[in-house]
Amino acid sequence: MTAEPLTGRGWTARIDAVSLIIHLTGDWIARLDTGAELGAVDRIVEAIRSDGATIKTIAFDTTALKQWDSAILVFVLALRQAFKGEGQTLDEAGLPPAARRLLALTGEPVSADPIVVRANLLARVGRPLIRLWASGLDVMTLVGETVLRSGAALRGKVRMRGADLLSCMYDAGIGALPIVTIVNVLVGGILAFVGAVQLRKFGADIYIANLVGIAMVREMAALMTAIVMSGRTGGAYAAHIATMQGNEEIDALRAIGVPVYDYLILPRVIALTCMMPLLFLYGSAVGIFGGFTVAVSMLNISPEAFLEQTRASVAGSQILFGLVKSIAFGTLIAIAGCRAGLNAGRSAADVGRAATTAVVIGIVGVIALDAIFAVCANTLDF
Amino acid sequence: MDIDSTEPKLRVEGLTFGYGAKVVQHDVSFTVSGQSIFAIMGGSGCGKSTLMKALIGLLRPSAGTIHVGDIDYWAATEERRTEIGRRFGVVFQSGAIWSSMTAEENVALPLRMFTSLDDASIRALAQLKLSLVGLDTATSVMPAALSGGMRKRVGIARALSLDPDILFLDEPSAGLDPISARRLDDLILELRDGFGMTVVMVSHELPSLMSICDDGIFLDADSGTAIAHGAPKVLRDSCKHPTVHAFMTRQRPPDEQVQPAEGSHGAG
């Protein structure tokens, strides 16, 4: 038997014949970090092990205990865990009755480690591929459904609320005008500046009008508007639908038999597909206006000359090219947004993830699609 | 645990509260004594949850005082209020579990924020609280994978994480089956007895009210104030107010009694 006293913060242990009595003293308040220090249980276990086999029971004496809370419970549970399967028994009769009631609630400590199944290499490579294939099919289904249901919508055979379509159109159209204006005016102005630096070297200042006009109509207006709308409207669609998913609103629609596609997605796809070409035309006009302002006010080009040059350089076919692109972009953004929303999980974090996915896929998709258009136009000599 | 803790924990006097200009309840007064289970009762939409919001410091009442212990809660500085608020445990109606954290992380967060305990102690305390509510196997589970009843239990475990003086529960047994609701009632009782907490619960579940509450207040939507005080059992047996009587005995109010029509098909 060791002579040195076994003691720690808030407790002392005393050996009495075949039992170890732990005296709990003072306050044991968990949030104030009073009561047994970390490692106290290990020391008690150590002492009993080193003692050989004489100690049979471990008991508590709480006569000097003042205020207590969970700190005592954690201590006792740790002792229980430590002496599980050892030769000693834990006699909890000395604990305050209230603490014993709480301990009775906890039951046997159970290991809560989750079961992890390690996947082999084939599974680890294969699973993402299968997922990619599945999501590819998913997109195809969505595009196909859009085509089919749009056809049905044209024949008036779709259960969609007119009010929803109008509010989507308002939001994707008039609601987007301020930001589309700002972005396109600035892009037009920037193009004029960039062009001026180079063209002035050759005395070809007047071709700034060609540069701004063709660039805006053919590329920039459609592209910039699509990027803005992807962040603004595509993200909003995803967040809205994902939140509905979390609130079981979509389940409720399905349960009463409302076709989710017609009711939720079609109005959004139609609205954005219809509004994008209009926004494109508007964006081109304000973009050219931005270039015009810079050219006239800072680069000494006469207004008449700029307008005349623009009129001569921007052909109808270029406007048509931009229009077709913007329609495609609108459909893409709306489908990407709705898909991200429908595939979202049900938690708050999933809503954020859905919005991010919608915006990233929207922007990357728009730029990739624009590149495809450029290659096609080049091949067709358009 | 305080030994002398049966003295009043909460003293509410002349409380008037609402949203903006809209008054939900006016002139509500009551006292919650220590270690009791106090019920805030009343029909749907009478302002029970709003009263709880005022009690836990989420909504400033437009008139009246709330004393927590000896301190006038809403007259205190914001820091002082936060300090008092840390001694409250609050369980929201839906559980309000933070969805981006596991059950254990939910319970551990208050400990990480407001104590200087080391990681091992925090984890041990969080595990303890989860095992107290019977969820020792669900520590590393994300909330999305938990059932409604389990979420509520995680909510209770989180409310207990700092060993609160007063535990506020908003509709604890709403949406639970009778057996789970009964178990939850037992759990609330055990926790109250074990930790010596004071419990304030908003409820209109009659069985819960009858079986565990020691005292209470009945809010009325029509008159916009408290119309009865007392333990639910006492109110059921002896309160003469028609609304309270109808509520406690689960009947239609007297002015809505359906007269049995002759030749009806047993309806009403």
Of residues in the stretch A:25-39 being at pLDDT 85 or above, touching a Phe, Trp or Tyr at 6+ places or on another chain (Cβ under 8 Å) and more than 9 Å from chain B (Cβ to nearest Cβ), the one nearest to A:D69 (Cα to Cα): A:W28
Can you say whether A:I55 is open to solvent by less than 30 Å² (accessible area, probe 1.4 Å), part of a loop (DSSP other than H, G, I, E, B), in contact (Cβ under 8 Å) with a residue 24 or more places away in the chain and not charged (D, E, K, R), as far as the supplied structure shows? yes
Looking only at the stretch B:110-134, how many residues end up being open to solvent by less than 50 Å² (accessible area, probe 1.4 Å), over 21 Å from the mean Cα position of the chain (by Cα) and more than 7 Å from chain A (Cβ to nearest Cβ)? 3
Which listed residue, of A:L272, A:L211, A:L266, is assigned by TED's automatic domain parsing to the domain that holds A:V147 and over 26 Å from the mean Cα position of the chain (by Cα): A:L211
Pick from the stretch B:140-158 the residues that are of a type in the set (G, A, S) and open to solvent by less than 10 Å² (accessible area, probe 1.4 Å): which of them is nearest to the chain's Cα centre (by Cα)? B:G155
Specify which of the listed residues (B:A226, B:A181, B:A174) is closer than 21 Å to B:S49 by Cβ, within 15 Å of the chain's Cα centre (by Cα) and not in a helix (DSSP H, G or I). B:A174
Looking at the stretch B:191-226, which of its residues are aliphatic (A, V, I, L, M) and in contact with a Cys (Cβ under 8 Å, 6 or more places away or on another chain)? B:M201, B:L219, B:A221
Which one is most open to solvent (accessible area, probe 1.4 Å), of the residues in the stretch A:61-74 that are assigned to a helix (DSSP H, G or I) and facing chain B (nearest Cβ under 9 Å)? A:V74
Considering only the stretch B:150-190, how many residues are touching a Phe, Trp or Tyr at 6+ places or on another chain (Cβ under 7 Å), within 13 Å of another protein chain (Cβ to nearest Cβ) and among the aliphatic types (A, V, I, L, M)? 1
Cβ-Cβ under 7 Å pairs, at least 6 apart or on other chains, the stretch A:309-337 side outside any helix (DSSP H, G or I), far side not aliphatic (A, V, I, L, M): A:V314/A:G213
Collect the residues in the stretch A:183-208 that are under 19 Å from A:T233 (Cα atoms) and over 27 Å from the mean Cα position of the chain (by Cα), keeping them in residue-number order. A:N184
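Every residue, every condition in (1) more than 22 Å from B:V24 (Cα to Cα); (2) without any contact (Cβ under 8 Å) to a residue 40 or more places away in the chain, yes or no:
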position	(1), (2)
B:G45	no, no
B:L51	no, no
B:T77	yes, yes
B:F88	yes, no
B:G95	yes, no
B:M101	yes, no
B:E104	yes, yes
Within the stretch B:215-245, how many residues turn out to be closer than 20 Å to B:E13 by Cα and of a type outside the set (S, T, N, Q)? 14
Going by the structure shown, is A:A344 open to solvent by less than 30 Å² (accessible area, probe 1.4 Å) and assigned to a helix (DSSP H, G or I)? no
Of the residues in the stretch B:235-248, how many are surrounded by fewer than 17 Cβ atoms within 10 Å (Cβ to Cβ) and closer than 29 Å to B:P61 by Cα? 2
Residue list for the stretch B:212-227, restricted to those being touching a residue at least 40 places away in the same chain (Cβ under 8 Å) and among the charged types (D, E, K, R): B:D214, B:D215, B:D220
Within the stretch A:261-275, is there a residue that is more than 30 Å from A:G188 (Cα to Cα) and open to solvent by 30 Å² or more (accessible area, probe 1.4 Å)? yes
Kindly establish whether A:T89 is closer than 30 Å to B:D186 by Cα and either within 11 Å of another protein chain (Cβ to nearest Cβ) or at pLDDT 85 or above (or both). no
In the stretch B:1-88, which strands (runs of 3 or more DSSP E) lie fully inside it and hold 3 or more residues that are closer than 23 Å to B:E205 by Cα and at pLDDT 90 or above? B:22-33, B:37-42
B:D193 vs. criteria within 14 Å of chain A (Cβ to nearest Cβ) and either among the hydroxyl-bearing types (S, T, Y) or over 24 Å from B:Q25 (Cα atoms) (or both): yes
Please find, within the stretch B:95-109, the residue that is most open to solvent (accessible area, probe 1.4 Å) out of those that are more than 19 Å from B:V199 (Cβ to Cβ) and in a loop (DSSP other than H, G, I, E, B). B:W98
Would you check which residues across the stretch A:13-32 are open to solvent by 60 Å² or more (accessible area, probe 1.4 Å) and out of contact with any helix residue (DSSP H, G or I) (no Cβ under 8 Å at 6 or more places or on another chain) and list them? A:R14, A:D16, A:A17, A:V18, A:D27, A:L32
Elements of type helices (runs of 4 or more DSSP H) in the stretch A:125-233, at least 1 residues being modelled with pLDDT under 90: A:162-172, A:177-201
So if I check each of B:D27, B:D70, which one is open to solvent by 20 Å² or more (accessible area, probe 1.4 Å) and either over 28 Å from A:S70 (Cβ atoms) or in contact with a strand residue (DSSP E or B) (Cβ under 8 Å, 6 or more places away or on another chain) (or both)? B:D27
Out of curiosity, is A:V258 open to solvent by less than 40 Å² (accessible area, probe 1.4 Å), in the same structural domain as A:E145 (by TED's automatic domain parsing) and in a loop (DSSP other than H, G, I, E, B)? yes
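The values are calculated or read from the model by the stated rules, or taken from the named source; none is laboratory data. If you're wondering where the values come from, they're calculated on a predicted model, not measured in any experiment. Positions of Cβ are backbone-derived with ideal geometry, glycine not excepted, and every protein chain shown enters the neighbour counts. To get the accessible areas, we keep the full protein, side chains included, count just its heavy atoms, and leave off ligands, DNA and RNA. Shrake-Rupley method; radii C 1.70, N 1.55, O 1.52, S 1.80 Å.
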